[in-house]
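Visitor: Here it is: the structure, laid out below.
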Amino acid sequence: MSQKFNLSVNGKAHTVDADPDMPLLYALRNDVGLNNPHFGCGLAQCGACTVQLDGQAIRSCVTPLSAVGDGKIVTLAGLGTPEKPHPIQTAYVEEQVPQCGYCINGWIMTAAAFLATKKKPSEAEIKDALSGLKCRCGTHISILKAVKRAAEMMG
Amino acid sequence: MTKFEKTSSFSRRSVLLGGGALVVSVGAAVSLDTVMSIGTAHAQGAKPPLTPDQLSSYIAVNADGTVAAYFGKMDMGHGLHVAIAQIVAEELDVPFKSVKVFMGDTGNSVNQGGASGSTGIQLGGKQMRMASAEARRVLVEMAAGLLSVPADILVVNDGMVSASDDKSKRISYAEMLGGKYFNVQLDWNKKLGNELYAPGKAQPKNPSEHKIVGQPIKREDVAPKVFAQEDFVTDIKVPGMVHGRMIRPAVAGSVPVKVDESSIQNVPGVKVVWDKGFLGVVADREWDAIQAAEKLKVEWSAVEPPFPDQASLYDHIRKAPVRKAQVEKQNGDVDAAFAAAAKVIAADYEWPFQSHASMGPACALVEIKGDQVTCWSGTQKSHFVQEGLALTLGVPLDKVHVMFRGGPGSYGRNDADDCAMDAAVLAKAVGKPVRLQYMRDQGTGWDPKGPASTHKARVALDASGKVTAYEFSSKGFSRVDVNTNGGKPYDTLSGQTLGVALKSGDGFGVPAESYAFDNKKLSWETIPPLLDRSSPLRTSHLRDPVGPQIHFASESFIDEVAAAVNADAIEFRLRHIKEPRDVAVIKAAAEKANWDTRPSPRKDQTGSKVSGRGIAYAQRNGTRVAVIAEVDVDRSTGKIFARKFTVAHDCGQIINPDGLVKCIEGNIVQGVSRTLWEEVTFDKKAVTSVDWISYPILDITETPGEVNVVLINHPELPPSGAGEPSIRPVAAAIANAIFDATGVRIRRVPFSPERVKAALS
């Protein structure tokens, strides 16, 4: 039943032996050993599990391993580092966004994918791009400020 | 009295040091022997017992001069630890960056009540302030001995104690105490939890001297979260760990009568744990545990579906027997005043069950090794989880170690404590460490709920329109049907599913305000829970427990009365409010929002899109907050956009203004969500709010465009709470703004588009 899958995660190759129907989230968390994509709903309704697959923000909790193919996966841990941060990470720190922080993957990975293709977005465009993501603590105001700040940094 | 004074160290010191001959200059470390001999009184190598009467239970100075603060409360996302570090650094006279706050670890902190009732700074910070002040006093006293100078000429800068008249006489905290422990007794009031208080002899600083307290210091823990360098409780792993999942009945109250393990024989490494109503599975791999929990065939006992039709919820509450009634405030003779009234205005309000609906369902990891139990939990109250685990597993309290790790959000008694207990039962049954995470439907469908309630308000007016009496009463489910923590098996799902009978408690509340009426009565009544065992509609604390409910009703009603007597909503409030700080927040909000003094509703709008503004205010345990909402109403769709908020907030002394503003913003946004969208749905069998579709919360496209916060600082007053007060008036402010815009009063939350549209048509 289980199969071998070769995954490219944050620039490194990993081999995972698992059920093809198993969502990517569990491979990233338990087989690759990453702590950042989170389980929030398992239903693609909240975004806590978001990673980028070939630059697209996807919900890893509903993406079966069999659908990943040889796509390049980037998670929050691979987006940037304290030494070489992605602008949205810099902006998040500058704006001091978190309350609990569990939702961060969804907002940052989605915003990063959005900002990569959309320069100088309007506030309404940012909101539309992020619509559907959940933050239960209510940090939305700071999130918007951070995404706007990142958009400015990215010119 | 400290142990210092009981010992003979002074004489030993005198012998050793020859009466004041010691001069410790820059760079010349005191010899270890010397310091150890002098320090024996206040400092020792072995840690004193971890009890609330020991200074070492709160503060330690490390060998490198850094300070550890052991805090029996924890941060749930506001950055509380920053404020605590500011308080500790301030009182100790050490750099802010040298303080590290350890939170919610039963292995190094005492039970200060956990995250509870916005008391992180108000009570937890108070204790840390007193402990830090005492630590400084003791260290200065030690330095006086070592330097042979009077303590009152010593000054402390950045952890260095020096003589004010001779800076060459100096010694650092680290040199005196580094790596050892305070041996200082505090005057403990013998209480645990929020009430714990254990001051020393020292008086804390006068606020006018504060240099670190009051500064907008940033959180250092944002970057680790943003760069995925920090583990949440969901990320903790230990060797040999297996994954657990729980199975809940489709009809609340039923229990498994037959479990067909052959139905999951194809799932590798799975084990079923079944005992009475408790049913879970574990597997080596998380996905397998999930699959097994989904596929396991279970026959459940036939029980009468326990819940009423949701449509009749409020009828049920009104007709339900009263289990406890309490009048909390009463003055004058309300009945006589109503009998003599020229006019009576009355209204009823309703608030639904609401879910914590934390960002992720709860997770806990429990490891049982020999007689030692270790638990990692996202709980708000690790010391109570320690107690609950000891009782659940039947082991002594001191064999249980609970470590708080940030979880997927927490706003009160959510599902975290239940999860820790369930994980413990699984771990004991399978003899392996178990990481248990609930699934989404369990996180929303089975967490303890914020209670549904009804509220009645009435005023008596005399012929001139003056209010002669005011009566407000609530009737609803208890805020402590299950207690605010998992410390007792009768309060947890594992306890109840394993057969421990629920001990449902009673508690509600009354409006917190200072309206002075000659005759006034505020009261509440609680009713029994809908189901007396492992209920998905059991009720407990959800952020500002019963505060949003009560003040939605009371502050909507005050607005109704103002409108009925054709008065401006603020002018009417100020006519009756007596507390100067209450008046100040209302005036501050009004000024910031450019409040236009006039009665509501507006009469100058036509068309389908209309706007309005509304105010509401409340107190909460010393804090005062006024909220002005400006909303847009689309009459054709019923959709409300809560466009702008102005908040004036007075919580006494402000420790960190930037952290406070963030805290208030979160309150407002979550308050808008609870007001406009949130309602737990259920049918006769079960809760049907099981995900983000069936329990919608505010989307970023609906987020207020502006939240303007006016902070009123009172450095001369002790700090009170901020984690919850500003969510309290949000619903009423929105309701009052809708009335201002439309002339229609909405008296039931949430203000969903369907409900608003129906009310407007």
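Computed from the coordinates by the stated procedures, all read-outs in this text should not be read as laboratory data. Because the structure is a prediction, the values reported are computed rather than measured. When we count neighbours, we look across all protein chains shown, and the Cβ atoms used for this are built from the backbone with ideal geometry, even at glycine.
Visitor: Would you tally the net charge around B:Asn194, using a Cβ to Cβ cut-off of less than 11 Å, leaving B:Asn194 out, and scoring K and R as +1, D and E as -1?
Guide: +3
Visitor: Taking amide H positions as placed in the peptide plane 1.01 Å from N, state which residues far from B:Thr468 in sequence (5 or more) or on other chains have amide H under 5 Å from it.
Guide: Excluding prolines and chain starts, which carry no amide H, the hits are B:Ala460, B:Leu461, B:Asp462.
Visitor: Around B:Ile264, with a cut-off of 12 angstrom between Cβ atoms, what is the net charge of the other residues, counting Lys and Arg +1 and Asp and Glu -1?
Guide: Result for the neighbourhood of B:Ile264: 0.
Visitor: Now for a separate question. Below 16 Å, Cα to Cα, which lysines can B:Lys47 reach? Residues fewer than 8 away in the same chain don't count.
Guide: Answer for B:Lys47, where 16 Å is the Cα cut-off: B:Lys3, B:Lys180, listed by chain and number.
Visitor: Sticking with this one: What FRET efficiency do you get for B:Glu304 and B:Lys329 if R0 is 60 Å and r is their Cβ-Cβ distance, rounded to the nearest 0.05?
Guide: Step by step, r from the Cβ atoms, then E = 0.90.
Visitor: Let me ask another. Is there a simple number for the mean count of other chain Cβ atoms within 10 Å of the Cβ of residues in B:400-412, and what is it?
Guide: Per-residue shielding by partner chains comes out at 3.
Visitor: For peptide B:145-156, compute the average count of partner chain beta-carbon atoms within 10 Å of each residue's beta-carbon.
Guide: Working: counts 0, 0, 0, 0, 0, 0, 0, 0, 0, 0, 0, 0.
Rounded to a whole number, the mean comes out at 0.
Visitor: Can you list the residues, at least 5 places off or on another chain, whose amide H is less than 5 Å from the amide H of B:Val99, using H built in the peptide plane?
Guide: Answer set, sorted by chain and number: B:Val67.
Visitor: At most 16 other Cβ atoms within 10 Å plus a DSSP loop assignment makes a site exposed; report the longest stretch of chain B without any exposed GluC sites (Glu not before Pro).
Guide: Counting at most 16 other Cβ atoms within 10 Å as exposed, the longest clean stretch of chain B is B:221-715.
Visitor: Taking one equal scatterer on every alpha-carbon of chain A, how large is log10 of I(q)/I(0) by Debye at q = 0.17, 0.18 1/Å?
Guide: So the normalised log intensities are -0.93, -1.03.
Visitor: OK, next. Going through the range B:667-761, which trypsin sites (Lys or Arg not before Pro) have at most 13 other Cβ atoms within 10 Å and a DSSP loop state?
Guide: Answer by residue number: B:Lys684.
Visitor: How much net charge surrounds B:Ala584 when only the other residues with a Cβ under 10 Å from the Cβ of B:Ala584 are counted, with Lys and Arg +1 and Asp and Glu -1?
Guide: So the surrounding residues net to 0.
Visitor: Compute the acute angle (0 to 90°) between the alpha-carbon long axis of helix B:80-92 and the principal axis of greatest extent of the alpha-carbon atoms of chain B; round to the nearest 10°.
Guide: 40 degrees
Visitor: Once label points are set 7 Å from the Cα along Cα→Cβ at both B:Glu754 and B:Asp53, what is their separation, rounded to one decimal in nm?
Guide: 6.1 nm
Visitor: Still on this structure, please answer the following. Looking at the range B:67-104, which chymotrypsin sites (Phe, Trp or Tyr not before Pro) are in a loop (DSSP not H, G, I, E or B) and have at most 12 other Cβ atoms within 10 Å? Could you put the intermediate results ahead of the total?
Guide: Details: sites: B:Tyr70, B:Phe71, B:Phe96, B:Phe102; in loops: none.
Listed in order of number, the matching sites amount to none.
Visitor: What does the average come to when, for each residue of peptide A:40-51, you count the partner chain Cβ atoms lying within 10 Å of its Cβ?
Guide: Per residue, the number of nearby Cβ atoms from other chains is 5 on average.
Visitor: Right, another one. Tell me the relative contact order for the range A:87-153 as a rounded percent, counting alpha carbon contacts under 8 Å between residues six or more apart.
Guide: Relative contact order here is 56 percent.
Visitor: Would you kindly derive the ³J(HN,Hα) couplings of the range B:188-196 from the backbone phi angles with the Karplus curve 6.51 cos²θ - 1.76 cosθ + 1.60 (θ = phi - 60°), listing them in order in whole Hz, with x for Gly and Pro?
Guide: 6, 7, 6, 10, 10, x, 4, 7, 4
Visitor: Quick one: if you stick a label point 7 Å off each Cα along the C-beta vector at B:Gln265 and B:Glu294, how many nm between them?
Guide: For the pair B:Gln265/B:Glu294, the computed spacing is 2.2 nm.
Visitor: Grab the range B:547-760 and count how many Lys pairs have their alpha-carbon atoms under 23 Å apart, sequence gap of 8 or more, or different chains.
Guide: 15
Visitor: Identify the trypsin sites (Lys or Arg not before Pro) of the range B:316-364 meeting these criteria: DSSP loop state and at most 16 other C-beta atoms within 10 Å of the C-beta.
Guide: Of the trypsin sites (Lys or Arg not before Pro), the ones in loops of the range B:316-364 whose Cβ has at most 16 other Cβ atoms within 10 Å are B:Arg323.
Visitor: Oh, and also: Roughly how many nanometres apart are two label points built 7 Å out from the Cα toward the Cβ at B:Lys258 and B:Asp634?
Guide: Calculated label separation equals 5.3 nm.
Visitor: Find the centroid of the Cα atoms in the range B:652-705 and in the range B:347-378, then give the distance between the two in whole Å.
Guide: Computed from Cα coordinates, the inter-centre distance equals 18 Å.
Visitor: Distance from the Cα centre of the range B:400-423 to that of the range B:281-319, in angstrom?
Guide: 21 Å
Visitor: Now, a different point. Percent relative contact order of chain B, based on C-alpha pairs within less than 8 angstrom and at least six residues apart?
Guide: After rounding, I find 13 percent.
Visitor: What's the longest piece of chain A with no exposed trypsin sites (Lys or Arg not before Pro), counting a site as exposed if DSSP puts it in a loop and it has at most 16 other beta carbons within 10 Å?
Guide: Values: sites that count: A:Lys118, A:Lys119.
Result for the longest clean stretch: A:1-117.
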